[in-house]
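Step one of this worksheet: look at the structure below.
The values are calculated or read from the model by the stated rules, or taken from the named source; none is laboratory data. Not measured: the values here are computed from a predicted model. Because the Cβ atoms are built from the backbone with ideal geometry, glycine has one as well, and the counts that use them run over all protein chains shown.
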Amino acid sequence: MRPLARDLAIDLGTANTLVYAKSRGIVLNEPTVIALNMSTHEVLAMGHEAWQMIGRTPGYIQAVRPLQGGAITDFDITERMIRIILTRAGISRLNRPRVLICVPSAITPVEKRAVKEAARGAGATDVYLIEQPMAAAIGAGLPIGEPLGNMLVDVGGGTTEVAVMSLGGIVALEGIRVGGFDMDAAIQTHVRREYGIAIGERTAEEIKLAIGSAVPTDDGVKAEVRGRDLMTGLPKTVVLSPDEIRDAIEEQVVAIVDTVVHCLGQAPPELAQDLIDEGIHLVGGGGLLRGLDQRLTAETGLQVHLAAEPLECVARGAGRCIETFDALRVMFMETDR
């Protein structure tokens, strides 16, 4: 007797990949990184193990992120990564699942097709897509099915999605390919330009988490950073202040704020009162940047609420969809079998 296929929801993010299995909850939460032996094209590691290898591997081993800005940059590697994800979720060749994949609203039809083909090539039977803002709103518990305006800001690693929703649909939508990784790159550029020191993306992320902020802070905390001096090639240590890191990532923060303001300007006037009452709901790993909620409140005049589990909202929302897959297969999802 052929085993019943398990339905899976995959939040295939630029920074992290989460998998929700029907009736089991989140079964996988790993960085979207895969390590390859470039000589043999063998997959050496995926997820946390591969993330530890970034910037620390010999020349023939490369730790890569197969998605950039929410889009597939290497089809073959992405397919192999999805195959590993399905295996870790307990899926075999005899137990091929239906898969719901969360995608950014900013990706093109060609990029959507690439996601579907990669998932099918990895072993999925049917592949459906759901836009990340909708999945995040469901995961955050917003009453999107009611005639009530709800606004959600999802700041991820490669993209920022802003949506106003009502009656089960998206009324206004803005998406930009700016996120946490762009802030990390800005910190790397700042340290290189001001101190002549090269640091890796992992170090830049640690600096952002330690002292990065979107508004001025007065806690007096500084960060000691070790890197390679570009002139001598020797290790060197510098101390960074929160003010200079805030200035370094200001361009990315302004881009996110401007996107929120622009989306508000597109929302119908009838929903304005709802948004004043309900405020803005902030999700995604980038939403954890200190003071981002305060900055959005200051710029929009609306109260900003950070979700309880901002990193898991998208996966949990998609998971609720697959719990009632047959009832929702037309409402939020699309397929091109």
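The table below lists the values:
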item	result
Meets criteria (at pLDDT below 95 and of a type in the set (Val, Ile, Thr)) for THR259	no
The stretch 218-254, residues that are of a type in the set (Gly, Ala, Ser), in contact (Cβ under 8 Å) with a residue 12 or more places away in the chain and outside any strand (DSSP E or B)	SER241, ALA248
Yes/no for ALA35 being surrounded by 21 or more Cβ atoms within 10 Å (Cβ to Cβ) and touching a helix residue (DSSP H, G or I) at 6+ places or on another chain (Cβ under 6 Å)	yes
Some residue of the stretch 205-217 being surrounded by 13 or more Cβ atoms within 10 Å (Cβ to Cβ), without any contact (Cβ under 8 Å) to a residue 40 or more places away in the chain and among the charged types (D, E, K, R)	yes
Residue match in the stretch 228-247 (condition: crowded, with 23+ Cβ neighbours inside 10 Å, at negative phi and among the β-branched types (Val, Ile, Thr))	yes
Members of the stretch 276-296 that are under 23 Å from LEU148 (Cα atoms) and either without any contact (Cβ under 8 Å) to a residue 12 or more places away in the chain or buried (at least 20 other Cβ atoms within 10 Å of the Cβ) (or both)	ASP277, ILE280, HIS281, LEU282, VAL283, GLY284, ASP293, LEU296
Selection from the stretch 13-50 of residues that are more than 22 Å from the chain's Cα centre (by Cα) and over 15 Å from GLY317 (Cα atoms)	LEU36, ASN37, MET38, SER39, THR40, HIS41, GLU42, VAL43, LEU44
